[in-house]
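K.L.:
Below are the structure tokens for one structure; questions will follow.
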Amino acid sequence: MGNVLVYVENSETGVAPIAFELLGAARRLAAGLGGEVEALVAAGATAELAPALGAADVILRMEHPALSPYLPEAHVAALTEAIRSRDPQVVLVGNTSAGIDVAAGAAAATQRPLVAYCTGLAVDGEAVVAHSQVYGGKLVATTRTEGPGVFTVVAGAFPGAEGQSGGKAAEATLAAPATLGSLHTRFIAATAPSGGIDIGRADRLVSVGRGIGGPENLELAQELAAALGAELGASRPVVDSGWLPKARQVGKSGMTVKPKLYVAVGISGAPEHLEGMREAELILAVNSDANAPIFEVAHFGSTCDLFDLLPALTERLQAS
Amino acid sequence: MHIAVVVKQVPDLVEELEVDAAGTGLDRAWVKMKLNEFDDHALEQAVLLKEAGGAQVSVVALDGEGIDQVLYAAVARGADRALKVDAGTQEPLDSRRAATALAGAIRDLGPDLVLTGVQAADDLFGQMAPFLAAELGWPHVSVVSQVEVAGAAVRVQQEYAGGRMATLEVDLPAVIGVQAAPQPPRYVPVSRLRQAMASGALETATAGAGAGTGGAAVTQLAKPEAGRGAEMLTGSPDQVAEKIEALLRERGLLRG
Ligand SMILES: Cc1cc2nc3c(=O)[nH]c(=O)nc-3n(C[C@H](O)[C@H](O)[C@H](O)COP(=O)(O)OP(=O)(O)OC[C@H]3O[C@@H](n4cnc5c(N)ncnc54)[C@H](O)[C@@H]3O)c2cc1C
Ligand SMILES: Nc1ncnc2c1ncn2[C@@H]1O[C@H](COP(=O)(O)O)[C@@H](O)[C@H]1O
């Protein structure tokens, strides 16, 4: 009988939204495997976190001061300990910043295979069949894992609602591993998002990606944004190149936005970008590559060269 | 301070990607390969640390087609040594096997700090940096956008969702998965590259290919099933602009 263990990511703001998506996915997998859903919540204090995890059958609470705030080394040790003592068939971890550290570290320590970037998970006989987004979302890999395995799941791939429901789960305490007393990583400080513009509040966004070519071309997007009454957003490379400030970054390591209108210009639509904007009400994408993954989530698209389309569109909107 | 930067090439995602006849791998005959952009940032971060406080920088890669050029380019960018690790195959290894193959060579090299890109477009079986750290028994932090030396440790910035960040201190030796350097990777003039190639002796090391972890197997690699998909607006830029204007008007999304 195979159980499913969910690693519950959390911070001082509570249980991370991805944890509910994982719990929902775990319920279906557990049904297929004839097992139970166990949720590992590892933190300095777990009493306030546990009540949210009613979708699990069993909540495994592990407490130690080194577990909050988040330290990769501590959480790798915690998940490793839980896998060793509970021996689940399936371990689900979010494909988040923390998940990258924790899933791979624990998979290595327990000698289990890891399948990353999962957007679909199903049981087939005794095995788990997963769909993963690879090559920036341009291809999908299907894998079959026969024995125990660790799976990292892309945020937004499963609905959170199923994982939020549920009654009262049984609770068990897991002893924290002794290694938490002798870590080689220390927490120094946390930084909140820097002030200024909050693009999460804008109801229209024009976001530019690497396709814009260079800072000298940003004006094209700025003019379009002005004509639409929109704010300017950006993909990560545009921010990393210093063309626009970090506060304008949309995606996994930037802001999550849900505007009425999202115009993506020269953005390929990597999973890390989509995570931040796929819930926008109307998505319009301009990308000269007809195979760009952005067209999977966009409602309307054009393969026109942005350097031709943007001026034409701006002019038209200004005139109307 | 001795910093090892581990690099590899990945398919250029701007190009068309084709699946091989078996339907489980990439058709590598035509793919254009390029340095993983996150490795490019890892290299930049290493060179910045060298400039800030002095360091020896070694660039390390598994042998494979076109890797010499990548290593010479890294030397031209400021790496002091380049090490090519022969895992007995020219085929790309998955991240788990690569970590095992690289661990021995890195242990022999004996760096204080290993920097690699946080992820690669093809690391279906997990990110290499945490696997490498596990092999070496060293602490690890991924998704890092800044590294500073602090005595016998490094201070790193780890990024989370919603623009949150934390500064963590990690004792050396350590492995860091770099998301972005504090400044964009610099360009090297071709003359520097030629110099590196002329002077450049690449060192080599051998490694037993790692056993990896069996259990998960790729059964299919394919283009995403056409899901909802965008309705494509066709025509000249002017015609497309007109269609966009019309649909924004319809939805009450025009300004004012
Ligand atoms: C842990 C982690 C977190 C990340 N977080 C984020 C995040 O928060 N946000 C984010 O955006 N990314 C994030 N990324 C990076 C992400 O993986 C991609 O690298 C990034 O989104 C790509 O940005 P892009 O689409 O602008 O660039 P590219 O992928 O290079 O795409 C550029 C696109 O422009 C098109 N184009 C080029 N010229 C033209 C033209 N003249 N006209 C029209 N189209 C053109 C091309 O066809 C191409 O599709 C993260 C990565 C990691 C590993
Ligand atoms: N086969 C490899 N050879 C050299 N470096 C690698 C290899 N695999 C992964 N790396 C390093 O780890 C980074 C992240 O890759 P990945 O293994 O795909 O997560 C790469 O960009 C390299 O820096």
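FYI, it's all coordinate maths here, none of it is from the lab. Model, not experiment: these values are computed from the prediction. Every residue, glycine among them, receives a Cβ derived from its backbone with ideal geometry; neighbour counts consider all protein chains shown.
K.L.:
Under unit Cβ charges (Lys, Arg +1; Asp, Glu -1), what dipole magnitude, rounded to 20 debye, does chain B have relative to its Cα centre?
P.N.:
Roughly 460 debye for chain B.
K.L.:
Of the candidates A:A52, A:A178, A:A109, which one comes out as most mobile in a Gaussian network treatment of chain A with C-alpha springs shorter than 10 Å?
P.N.:
Result for chain A, Cα springs under 10 Å: A:A178 fluctuates most.
K.L.:
Ok, one more. Roughly how many nanometres apart are two label points built 7 Å out from the Cα toward the Cβ at A:D305 and B:Q56?
P.N.:
Using points 7 Å along Cα→Cβ, the separation is 5.0 nm.
K.L.:
Which part of the stretch A:34-68 falls in the paramagnetic zone of A:A109, meaning amide N under 19 Å from the point 7 Å along Cα-to-beta-carbon?
P.N.:
The answer is A:38-46, A:60-68.
K.L.:
Using Stokes-Einstein with the Kirkwood hydrodynamic radius over Cα pairs, what translational diffusion coefficient do you get for the stretch A:37-159 at 37 °C and a viscosity of 0.692 mPa s, in µm²/s rounded to a whole number?
P.N.:
Reported coefficient: 217 µm²/s.
K.L.:
Something else now. Spin-label point model (7 Å from Cα, Cβ direction): what's the B:A217 to A:T191 distance in nm?
P.N.:
So the label points at B:A217 and A:T191 sit 4.7 nm apart.
K.L.:
Something else about it: Measuring from label point to label point, each 7 Å out along Cα→Cβ, what is the B:R186 to A:E219 span in nm?
P.N.:
3.0
K.L.:
Could you tell me which residue out of B:L62, B:Q9, B:G25 lies farthest along the dipole of the stretch B:1-125 toward its positive end? Charges go on the beta carbon: Lys and Arg +1, Asp and Glu -1, centred on the Cα centre.
P.N.:
B:L62
K.L.:
Report the normalised scattering of chain A as log10 I(q)/I(0) at q = 0.06, 0.14, 0.15 Å⁻¹, calculated by the Debye formula with identical scatterers on the alpha carbons.
P.N.:
For chain A, the Cα-only Debye profile gives -0.24, -1.05, -1.14.
K.L.:
Determine the calculated [θ] at 222 nm for chain B from helices alone, applying -39500 (n - 2.57) to every DSSP H run no shorter than 4 residues and normalising by the residue count; nearest 500 deg cm²/dmol.
P.N.:
-9500 deg cm²/dmol
K.L.:
Let me ask you something else. In whole angstrom, how long is each semi-axis of the equivalent ellipsoid of the protein assembly as shown, when you take the square root of 5 times every eigenvalue of its Cα gyration tensor and sort them from largest down?
P.N.:
Listed largest to smallest, the semi-axes of the protein assembly as shown are 35, 31, 23 Å.
K.L.:
When we measure straight from the Cα of B:K32, which lysines land under 28 angstrom away, once same-chain ones fewer than 8 places off are left out?
P.N.:
The qualifying lysines are A:K138, A:K252, B:K8, B:K84, B:K223.
K.L.:
Related question: Checking the a/c ratio against 1.5 first, then a/b against b/c, what shape does the Cα gyration tensor give for the stretch A:138-243?
P.N.:
prolate
K.L.:
While we're looking at this one, here's another question. Quick one: in the stretch B:2-206, what % of C-alpha pairs are over 21 Å apart?
P.N.:
50
K.L.:
For B:Q195 and B:E250, FRET efficiency with R0 = 51 Å and r from the beta-carbon atoms, rounded to 0.05?
P.N.:
0.25
K.L.:
Here's something else I'd like to know. Taking the Cα atoms of the stretch B:117-256 alone, what are Rg (to one decimal) and Dmax (as a whole number) in Å?
P.N.:
So, for the stretch B:117-256, Rg and Dmax equal 24.0, 67 Å respectively.
K.L.:
Another question, then. 5 Å is the cut-off here: which amide hydrogens, built 1.01 Å from N in the peptide plane, fall below it relative to B:Q220, excluding neighbours closer than 5 in sequence?
P.N.:
A:T142
K.L.:
Ok, one more. Please work out the FRET efficiency for the pair A:S182 and B:M1, using the Cβ-Cβ distance as r and a Förster radius of 25 Å; give the result to the nearest 0.05.
P.N.:
Once rounded, the FRET efficiency stands at 0.55.
K.L.:
Spelling out what I want: for every residue of the stretch A:286-303, take phi, set θ = phi - 60°, compute 6.51 cos²θ - 1.76 cosθ + 1.60 (Karplus), and round to whole Hz; glycine and proline get x.
P.N.:
10, 7, 6, 8, 5, 8, 4, x, 4, 6, 5, 9, 6, 8, 10, x, 9, 9
K.L.:
Tell me, what is the percent relative contact order of chain B, built from C-alpha pairs under 8 Å that lie six or more residues apart?
P.N.:
Value for chain B: 23 percent.
K.L.:
Moving on. Compute the label zone of B:A22 within the stretch A:134-164: residues whose backbone N is under 16 Å from the point 7 Å along Cα-to-Cβ.
P.N.:
A:141-144
K.L.:
Quick one: which residues, 5 or more positions from A:M255 or on another chain, have an amide H under 5 Å from its amide H? H modelled 1.01 Å from N in the peptide plane, none for Pro or chain starts.
P.N.:
A:Q249, A:V250
K.L.:
Using θ = phi - 60° and the Karplus relation 6.51 cos²θ - 1.76 cosθ + 1.60, list the HN-Hα couplings for the stretch A:47-53 in order, rounded to whole Hz, with x at every Gly or Pro.
P.N.:
Ordered by residue, 3J(HN,Hα) equals 4, 7, 8, 4, x, 6, 9 Hz.
K.L.:
Another question about this same structure. List the lysines whose alpha-carbon lies under 21 Å from that of A:K258, not counting same-chain residues fewer than 8 positions away?
P.N.:
Filter leaves A:K246.
K.L.:
Just checking the output field for A:151-162: average partner chain Cβ neighbours within 10 Å of each residue's Cβ?
P.N.:
Per residue, the number of nearby Cβ atoms from other chains is 0 on average.
K.L.:
Right, next: Could you order peptides A:224-230, B:96-102 by the average number of other Cβ atoms within 10 Å of their residues, highest first?
P.N.:
Per-residue mean Cβ counts within 10 Å order the peptides as B:96-102, A:224-230.
K.L.:
I've got another one for you. Between the stretch A:257-320 and the stretch B:2-25, how many Å separate their Cα centres?
P.N.:
Measuring centre to centre over Cα atoms gives 26 Å.
K.L.:
Under the definition of Cα pairs under 8 Å and six or more residues apart, what whole-number percent is the relative contact order of chain A?
P.N.:
15
K.L.:
Tabulate in residue order the Karplus-calculated ³J(HN,Hα) for the stretch B:141-154, using 6.51 cos²θ - 1.76 cosθ + 1.60 with θ = phi - 60°, rounded to whole Hz; enter x for Gly and Pro.
P.N.:
Couplings: 9, 10, 6, 9, 10, 6, 10, 10, 7, 9, x, 8, 9, 10 Hz.
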